[in-house]
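Single-structure report; data block below.
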Amino acid sequence: MKITLTVNGEEFPLDVEPRRVLADVLREDCRLTGTHLGCEHGVCGACGVLVDGEAVRSCLILAVQCDGSSVRTVEGLAGPDGEPSALQRAFSAEHALQCGFCTPGFLMVATGALEADPTLGDDPDRIEDLVRSNLCRCTGYEPIRRAITRAAQEARQLAP
Amino acid sequence: MHQWGRREDQRLTMGKGRFVADIEVPGCLDAVFVRSKTGHGTLRSVDCAPARAVPGVVGAWAAADLMDMPACAHSASVLQDLPPVPHSVLARLSSDEAVAGREWPALVKERVRYAGEAVAVVVGEDRYLAEDGAAEVTFEVEPLPAMVRPSDAARDSFPLFDGLSNVALTGEAGQPIDDSVWRDAAAVVEGRYRQSLLLPTPMECRAILVAPDADRLTVWAGHQAPHRLRRELAASLGWPEDRVRVVVPDTGGAFGSKSATFPEYVVVAYLAVKLRRPVRWIEDRLESMMVATRGRGQDQRVRLAADADGRLLAYELTIEADVGAYPHLGVGLPMQTAWMATGPYATPKVHATVRSVLTNTMVTYPYRGAGRPEAAIALERSMDTMARRLSMDPAELRRRNLIPPESFPYETPTGRRYDSGNYAGALELALRTVDYDGWRAEQARRGKDPGAMPLGIGLSCYVERSGGEPGGLFEFGGLEAGEDGSITARCGAASSGQGHETVFPALVARTLGVAQWRVRLIEGDTGEQPEGLGSFASRTAQVVGALLWHACQLLIDEARRRAARMWGVPVERVEWSDGTVRDAHDRSAVLDLSHLVKATGPLKVDDRFETGMAFPFGTHVAVAEVDPELGTVHLLRLVAVDDCGVVLDPEIVHGQAFGSCVQGIGQALYEGIPYGDDGVPLLGNGLLDYLLPTFSEVPPIEVRHTRTPSPGSPLGAKGAGESGCIGTPAAVVNAVIDALQVADPDLLQMPLTPDVVWRAARAPKRGEPR
C-alpha cells in the first residue's frame, strides 16, 4: 500500500504492507533507528513518537494508519543547527539516562506534553504522570522527573 | 558546543545510539524460533516443510534437520551438527561434572525441558516473513510430569535427564554446627524464605547479528563479556578464536543477564556460517519473558542462635536452589549465597549448605546481586526475628554483632576474607539520615491510635563481594599516546549503561594530569583489544579502573625513560607532571607527551592487572505504612547508605545505587514469575503480568555514602551498582513485618503483593494465641 509519511519534516513516499507497525517502518524503511522497541505490546513506551503532535506508542499503530500524518521521532528534536533541545540537555544534566534504550520514548512523550502546554512546569503532578507512562529499568525514574521538570521550568521562563 | 553530562549522552539522547537491532548489514536475514508451549515433554515430531514454502523464508530447520549433515562445502566449516550450548567456566558458575551427561542442545533433540525451549528455527528475508514461516511449523510434544518446585524435583520422582539425579550440585561453606550450640543457646529463631524467580528485564532484550566474511565472522551482540562470547562461539564452531570478532555496540541494560552464550546465539552463528549470509536474532519481549535467564530462585531454611545479651552464636542456612532445566550457566551460582552467609556479623559459627536442583523452568543465572541478595535477605529477616524474640531494638541487636573496623581483614567462617569495612559507621549514618528515633516515636503514636495506619521500620545491613572470584580478578588493557596529543585507552570491559566512556577517560586524564578531551576509550571489541574478561560481578570500576591506573604508571615510566635517553640524563632526574616530562636539573628541558611521541616513535603500553576481592557494604532502612484492608504497602522513606570504597564518579555511582534500590523494591513488593503446575510461566499478558516498578512505586530515596578504601587495589575502589538489589529487599520486608507485628513472619514471602499482605494482616499478631 502506498502511503506518505512526513517524518521530522521530511516526506517519505512509502510502499508498505498494511500489517507493518509504524515503529518497524520508521526503523527499517526510513532508517530512523532512534525509535526503540522495548516490548512490542504497548507497555514500556520506548517506541514513543509524536503523530500529529500526539504521543503514540509506535508499536501499537500501523504505518498505514498514519498515511498523510506528520511524525516526529527523537531524531527530530534537535534544533536546525543540530543543537540539542532543552529537554535533551536536561536529560544529560540530570543523569536521566544510563543505558539510554528507553530514553527516546521518555523524550518524545515529554516533548509532546511540553509543546502542547508550556505551563507544564507549574504542575508537578502532571510531570509525574508523564514519568509514570513509560518504563525504565536503570535510573529509578527520579532523575527523569527532574530532567522534565528542569526543561519545563526553562520553557516556562521563555514563554510570554 | 553543548557540554554533555556523560559522553554517551550525546548520541543516546539524540537518537544516534547504535544498538544491535540498529545495525544495517546488507542482505541480513532474521531468525525466529519456534518454541514449545509445554514445559516438559518428549518431542515426537517437527515438520518444517510448510514453513519452507512460505515466500520470503530462506530456510527452516529442526535439530533433526541439522544432524549428521555432510560437512559443509564451505571452507570455513567442518561442522556436521548443530553444536550444543557451552557451559560457564568462570567463577565456578558451572562445571564439567555438573554438565556431564546433560547435553543442552541448541534446538530440542528429544526432550523439551522448559517452556519456550526452541524446537525449530526459521530464517527469513525479514522478521515478518520469518514469523510467517514460524507460524507454519508444526510439532508434537508428548507431555511428561513437570518438575516445577525444587522440593519436588529433588525427590527425583521424575528425572529431567534419564538415569541422572535432578540434584546437579551440592556444596557447603563453613563447618556443621554441633547440636549442643542450638540446645544451649538462650534464643534460637528459625525461618523459611522463598526467593522468587525474577526476570532481569533490561529494556533491550537480547540481540545478536553474525556476519560471515570469507573465513571470518563478525558478531555484534549486546553483551557484557565479548571475549567470552568469542571464545565460546569459536569453540562451538571448531574455529580458532582469531577468526571471530565480537563487537559490543550500545547495549540497553544487562543486569547480569547478557554475559553468556545462549542457545539462540549458537544457532545464529551456525546458520550464518552454513548459509554464508548475515543472520540476526532480535529477541522480542514476550520471548524474553519465556526464555531469558531468570534470577534468584531459592527456597531457604535458617536457624539463628544468640545468647541472652543478643550476641550471635551460630547461623545455619540451608539452600534448595532452583537452577532451571540445564546446569550449564548457573548451577554453582547458589554457592555465592553460601559463601556470603556470614554477612556483616562476627558470628563465630556459620554453616551453609546448597542443593542445586534442576527444574522445568528456564535456567537461573546471575541477575544484579547474583547470590548476595539471597544471603542478605535470609540473614536480615532472621536478625529482625531474633530482635523480636529478645525484645531488643533491631538496630541495637545489629550494633552488638557487627564486625568491628579493627578486625579487618576478617576471615569469615564461610570462607571469605573481608578486605575492609566500617559496618557500624554505615549503620549509624543510616539511622541518623532516616531519623530512626523520630520514626519509632511515630510508630508508637500510631500504635495508640486505632484509626492510624500501622507503620514499620525495617533495617538491613549487608556486605557483598565485588570483582569476581579468584582466577577472574584481572583484566587486560592499555594506553596509546598519539603524536596529535590523543591518548587512547583500551580494555576488555563492556558497558551496558554504566558510562565507561565518561568515567575511564576522566580517570586516565586525572592520573596523567592531562585534559579529559585528549583521552578516549575503546572497549567491547575483541578486534581492538585481544584479551579481556568483561563487565560483571561489579568488577569494572574496581578491576578495570585499577588496570587503567596501572597503565598510566607504565606510560609515565616509559615516557621518563625515553626522555632520559634523549636528554642523556639518568631517569631519576626526569619528572612527570601534567602530561609532560621535564628534567629536574634543567628547567628548559620540558616536553609534552605528544612531542615526545613525535621524537621517539609510537608509545603504547599494555598489561594484565589483578586486584584483590573487595567487599562493599552498607545499611538500608525502609519506613513502610501498611493498609490492612487493602493489603497495600506504602513506602514512606528509603535510606541507602553504601560504602564502595573510593568512588570514581559520584554522580554515576549515585545513579547506580538509586536505580538498584528500585530493583530491590521490585523484588520485595512486586516481581516474581508465577509458574503453573505444568511448568509454564503465567505471563500471558506480558509486562502487564510482571510488575516492574514504575515511577508510581518509587518512594523518596536518599542515597548516602561512607568511604572505606579497599586495600586490595591501588585505587581503593570497590564495586558499586548492585547495592540496592542486595540491601533494599530485606529492609522493605522487615518494615512490613514490623508494621503488622505478625506472630509468624514466614507468612510474608516476597513479593509482598496485596494478597500476601492482606492475609498476613489477618493472621495472629505477636503475643496473641496462634
(message) Residues of segment B:436-467 with the amide nitrogen closer than 15 Å to a label point 7 Å from the Cα of B:HIS634, along Cα-to-Cβ, please.
(response) B:443, B:446, B:451-456
(message) Between B:GLN553 and A:ASP123, what is the label-point separation in nm under the 7 Å Cα-to-beta-carbon projection?
(response) 5.9 nm
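Charges only on Cβ, +1 for Lys and Arg, -1 for Asp and Glu: so what's the dipole of chain B about the Cα centre, in debye to the nearest 20?
Numbers: 80 positive and 100 negative charges, 209 e Å.
With only Lys, Arg, Asp and Glu charged at Cβ, the dipole is about 1000 debye.
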(request) Just report the Cα centroid separation between segment B:706-725 and segment B:587-630, whole Å. (result) 10 Å
(message) Please report the net charge: other residues with Cβ closer than 10 Å to the Cβ of B:VAL641, K and R +1, D and E -1.
(response) -2
(request) Select from segment B:522-599 those GluC sites (Glu not before Pro) which occupy a DSSP coil region and have at most 16 other Cβ atoms within 10 Å, ordered by residue number. (result) B:GLU528, B:GLU531
(request) Identify, among B:THR728, B:GLY27, B:ALA444, the residue whose Cα sits farthest towards the positive end of the charge dipole of the protein assembly as shown, taking +1 on the Cβ of Lys and Arg and -1 on the Cβ of Asp and Glu, with the dipole about the Cα centre. (result) B:ALA444
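Please give the direction-averaged projected area of the C-alpha convex hull for segment B:73-155, in square nanometres with one decimal.
Hull-based average projected area comes out at 9.4 nm².
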(request) Hey, for a label at A:GLU154 modelled as a point 7 Å past Cα toward Cβ, could you say which residues of segment A:89-117 have their backbone N under 13 Å away? (result) A:89-96, A:111
(message) Charges at C-beta only: +1 for Lys and Arg, -1 for Asp and Glu. How large is the resulting dipole of chain A about its Cα centre, in Debye rounded to 20?
(response) 420 debye
(request) With just the Cα atoms of the protein assembly as shown, tell me how far they stretch along each of the three principal axes, in Å, largest first. (result) 85, 75, 68
(request) Please identify every one of the GluC sites (Glu not before Pro) in segment B:626-712 that sits in a loop by DSSP and has no more than 12 other beta carbons within 10 Å of its own beta carbon. (result) B:GLU629
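Mind scanning B:LYS349/B:LYS718; B:LYS16/B:LYS37; B:LYS16/B:LYS258; A:LYS2/B:LYS258 and naming the pairs with a C-alpha gap bigger than 29 Å? Display every interim value, and only then the final one.
Numbers: B:LYS349/B:LYS718 27 Å; B:LYS16/B:LYS37 38 Å; B:LYS16/B:LYS258 22 Å; A:LYS2/B:LYS258 40 Å.
Violating the 29 Å limit, Cα to Cα: B:LYS16/B:LYS37; A:LYS2/B:LYS258.
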(request) Using θ = phi - 60° and the Karplus relation 6.51 cos²θ - 1.76 cosθ + 1.60, list the HN-Hα couplings for segment B:300-305 in order, rounded to whole Hz, with x at every Gly or Pro. (result) 10, 10, 9, 9, 10, 10
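Can you give the Kirkwood hydrodynamic radius for chain B, in Å, rounded to one decimal and based on Cα pairs?
Working: mean 1/r = 0.0362 Å⁻¹.
So the Kirkwood estimate lands at 27.6 Å.
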(request) Using +1 at the Cβ of each Lys and Arg and -1 at the Cβ of each Asp and Glu in segment B:400-533, identify which of B:PRO409, B:PHE504, B:GLY425 lies farthest towards the dipole's positive end. (result) B:GLY425
(message) Suppose we take every Cα in segment B:367-506 and form the convex hull; what volume per residue is that in Å³?
(response) 204 Å³
(message) Need the list of lysines near B:LYS765 for cross-linking: C-alpha distance under 18 angstrom, and skip anything on the same chain fewer than eight residues off.
(response) B:LYS448
(message) Only bridges whose two residues both fall in segment B:474-610 count here: according to DSSP, what percent of them are antiparallel, nearest 5?
(response) 80 percent
(request) Just name one of B:PHE609, B:SER486, B:ALA564: the one whose Cα is farthest towards the positive end of the charge dipole of segment B:474-610 (beta-carbon charges, Lys/Arg +1, Asp/Glu -1). (result) B:ALA564
(message) Please list, in order along segment B:107-120, the HN-Hα scalar couplings obtained from phi with the Karplus expression 6.51 cos²θ - 1.76 cosθ + 1.60 (θ = phi - 60°), rounded to whole Hz, x for Gly and Pro.
(response) 10, 4, 9, 10, 10, 7, 10, 8, 5, x, 4, 7, 9, 7
(message) Ignoring everything except DSSP H segments at least 4 long, calculate the 222 nm mean residue ellipticity for the protein assembly as shown; use -39,500 (n - 2.57) per segment, divide by total residues, nearest 500.
(response) -8500 deg cm²/dmol
(message) Give the aspartates and glutamates whose C-alpha is closer than 20 Å to that of B:LYS274, dropping any in the same chain fewer than 8 places away, or say none.
(response) B:ASP30, B:ASP65, B:ASP68, B:ASP81, B:GLU125, B:ASP126, B:ASP213, B:ASP215, B:GLU232, B:GLU241, B:ASP242, B:GLU264
(request) Express in whole angstrom the spacing between the alpha-carbon centres of segment B:489-514 and segment A:82-147. (result) 27 Å
(request) For B:ASN685 and B:GLU651, calculate 0.36 nm times their separation in residues minus their Cα-Cα distance, and state this gained length in nm to one decimal. (result) 8.6 nm
(request) Quantify, in whole percent, the carbon and sulfur part of the accessible surface of segment B:474-610 (1.4 Å probe; protein heavy atoms only). (result) 48 percent
(request) Calculate the dipole size of the protein assembly as shown relative to its Cα centre from +1 charges on Lys and Arg beta carbons and -1 charges on Asp and Glu beta carbons; express the result in debye to the nearest 20. (result) 1600 debye
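Could you report segment B:474-610's accessible area per residue, 1.4 Å probe, as an integer in Å²?
Working: 5480 Å² over 137 residues.
About 40 Å² of surface per residue is accessible.
Per residue of B:196-204, count partner chain C-beta atoms within 10 Å of its C-beta, then hand back the mean as an integer.
Working: counts 0, 0, 0, 0, 1, 5, 5, 18, 9.
The per-residue average across the peptide is 4.
Compute for chains B and A the buried accessible surface, both sides summed, probe 1.4 Å, and express it in Å² to the nearest 100.
Values: alone 28710 and 8280 Å², together 32810 Å².
Counting both chains, the buried surface is close to 4200 Å².
I want the antiparallel fraction of DSSP beta bridges within segment B:312-441, as a percent rounded to 5.
On the way: 3 of 13 bridges.
If I count the DSSP bridges inside segment B:312-441, around 25 percent turn out antiparallel.
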(request) Quick one: pull the percentage of alpha-carbon pairs in segment B:474-610 with a separation above 23 Å. (result) 33 percent
(message) Taking θ = phi - 60°, what integer Hz values does the Karplus form 6.51 cos²θ - 1.76 cosθ + 1.60 yield along segment B:380-389, in sequence order, with x for Gly and Pro?
(response) 6, 5, 5, 4, 5, 4, 5, 4, 5, 4
(message) Roughly how far apart, in whole Å, are the Cα centres of segment B:354-408 and segment B:447-465?
(response) 17 Å
(request) Mind listing the long-range amide H neighbours of B:MET147? Cut-off is under 5 Å, sequence gap 5 or more, other chains count too, H placed in the peptide plane at 1.01 Å from N. (result) B:ASN360
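The values are calculated or read from the model by the stated rules, or taken from the named source; none is laboratory data. Just so it is clear, the model here is predicted, and its values are computed rather than measured. Note that each Cβ is placed from the backbone with ideal geometry, even for glycine, and that neighbours are counted across all protein chains shown. Heavy atoms of the whole protein, side chains included, go into the accessibility calculation; ligands, DNA and RNA do not. Shrake-Rupley method; radii C 1.70, N 1.55, O 1.52, S 1.80 Å.
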